[in-house]
Amino acid sequence: MLKELEKKLCDNHAAWTEDNLWNAYASTRPGKVKGRSQAGRFADLVAIVRFALEHQPVLAPFAESVSERFNEWLMNKAKAGVTFNAEQLAWLNLIRDHIATAISIEPEDLELSPFSQRGGLGKAHQLFGEQLPSLLDELNEVLAA
């Protein structure tokens with residue numbers, strides 16, 4: 001749906017890029033805009049829409065909210081007694097970064113860079129076992145919520 005929205009904005013209002021919309025909000029509501037959209041970052045369209053619909057009180061880069069949710073998710077996992085080793089954490093950080101730019105992650109995304117340079121989907125299965133599909137679903141739900 002976001003790709004459709006972006007296409008409609010581009011087709012009907014070529015000047016309404018993520019960057020220009022962000023800058024317009026920053027000019028008209030400076031106390032409600034935190035940070036800057038990263039140039040051409042498609043995922044920031046999520047933050048703009050949520051802010052425009054008043055689903056979030058402050059317009060902040062999507063990647064920032066993903067990082068905050070990720071840290072909270074890790075703390076909740078630790079409280080529940082779930083621990084991750086250093087290699088798993090490195091992969092989880094890569095997954096977080098992917099969601100921050102692509103809005104979601106699917107198993108086939110693990111065959112793309114930077115995951116492919118670290119062993120791809122096979123390595124992810126080795127690290128997370130049969131929990132990998134449910135872990136990806138959970139991260140999609142929690143981080144992009």
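Remarks
- Counting only helices (runs of 4 or more DSSP H) that sit wholly inside the stretch 53-138, those with at least 2 residues that are at pLDDT 95 or above and closer than 27 Å to Glu18 by Cα are 62-79, 86-102.
- Residues satisfying the stated conditions in the stretch 7-38, i.e. surrounded by 14 or more Cβ atoms within 10 Å (Cβ to Cβ), outside any helix (DSSP H, G or I) and modelled with pLDDT of 85 or more: Val33
- Residue check for Glu87: within 17 Å of the chain's Cα centre (by Cα) and either surrounded by 11 or more Cβ atoms within 10 Å (Cβ to Cβ) or more than 20 Å from Leu9 (Cβ to Cβ) (or both): no
- Selection of the stretch 93-145 for residues being in contact (Cβ under 8 Å) with a residue 12 or more places away in the chain and either exposed (fewer than 12 other Cβ atoms within 10 Å of the Cβ) or small (Gly, Ala, Ser) (or both) yields Ala100, Ala102, Ser104, Glu108, Pro114, Ala124, Ala144, Ala145.
- Sub-8 Å Cβ pairs linking a first residue in the stretch 66-91 that is assigned by TED's automatic domain parsing to the domain that holds Lys123 and closer than 20 Å to Ala124 by Cα to a second residue that is not in a helix (DSSP H, G or I) and not aromatic (Phe, Trp, Tyr), at least 6 apart or interchain, are Lys77/Thr83, ordered by first then second residue.
The values are calculated or read from the model by the stated rules, or taken from the named source; none is laboratory data. Quick caveat, the model's predicted, so the values are computed rather than measured. All Cβ positions, even for glycine, are placed from backbone atoms using ideal geometry, and neighbour counts span all protein chains on display.
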